[in-house]
Amino acid sequence: MASKKRPGQVGDLVRAELATLIQREVRDPKVGFVTITGVKLSPDLRHARVYVSVLEEEREAESLEALQRAAGFLRRELAARLQLKNVPALVFHADLSLRQGARIEELLSRDSPTDQPEDK
């Protein structure tokens, strides 16, 4: 049972450390303003999918490329900060959930019926 919780626990640690590292240590201006929204680890803890939200949507691809270029540096820093047997390989992905949620809200508000009289 504990082994099923482990990827989530390690993912939370990796997310917190990555957020700090990106904010304080990554010097590439192409990264821009990003937020780490989640980390999903493989069951063996060797691979991590890091989901990021980029403030400027038009710079999303550029930010993801810059983060992927910094992945080696970030992984070394994680190894120094976290006491893990294996530090996961990092792959960055755009988190589209906020954008999709906003789109759904827009569609729902546009299609919602206005005050209609009730039949009596």
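The values are calculated or read from the model by the stated rules, or taken from the named source; none is laboratory data. Only a predicted model underlies this, so the values are computations on that prediction, with no experimental measurement involved. Quick reminder, even Gly has a Cβ in these numbers, built from the backbone with ideal geometry, and neighbours come from all protein chains shown.
Within region 47-68, the presence of at least one residue that is touching a residue at least 12 places away in the same chain (Cβ under 8 Å), in contact with a Pro (Cβ under 8 Å, 6 or more places away or on another chain) and surrounded by 12 or more Cβ atoms within 10 Å (Cβ to Cβ) is confirmed. When the test is whether a residue is more than 21 Å from L98 (Cα to Cα) and out of contact with any Pro (no Cβ under 8 Å at 6 or more places or on another chain), T20 passes it. Can you confirm whether region 91-101 contains a residue that is surrounded by 11 or more Cβ atoms within 10 Å (Cβ to Cβ), modelled with pLDDT of 85 or more, under 17 Å from the mean Cα position of the chain (by Cα) and outside any strand (DSSP E or B)? Scanning region 91-101, I find at least one residue that is surrounded by 11 or more Cβ atoms within 10 Å (Cβ to Cβ), modelled with pLDDT of 85 or more, under 17 Å from the mean Cα position of the chain (by Cα) and outside any strand (DSSP E or B), so the answer is yes. Of the residues that sit in region 69-86 and are hydrophobic (A, V, I, L, M, F, W, C) and either within 12 Å of E17 (Cα to Cα) or modelled with pLDDT under 95 (or both), which one is surrounded by the most Cβ atoms within 10 Å (Cβ to Cβ)? Among them, the one singled out is L74. Restricting attention to region 81-108, the residues being over 17 Å from A48 (Cα atoms) and not polar (S, T, N, Q) number 11. If you filter region 18-46 down to residues that are in contact (Cβ under 8 Å) with a residue 24 or more places away in the chain and assigned to a helix (DSSP H, G or I), you find that the one that is nearest to the chain's Cα centre (by Cα) is L18. Scanning region 22-56 for residues that are closer than 26 Å to N86 by Cβ and among the aromatic types (F, W, Y) gives a single hit, Y51.
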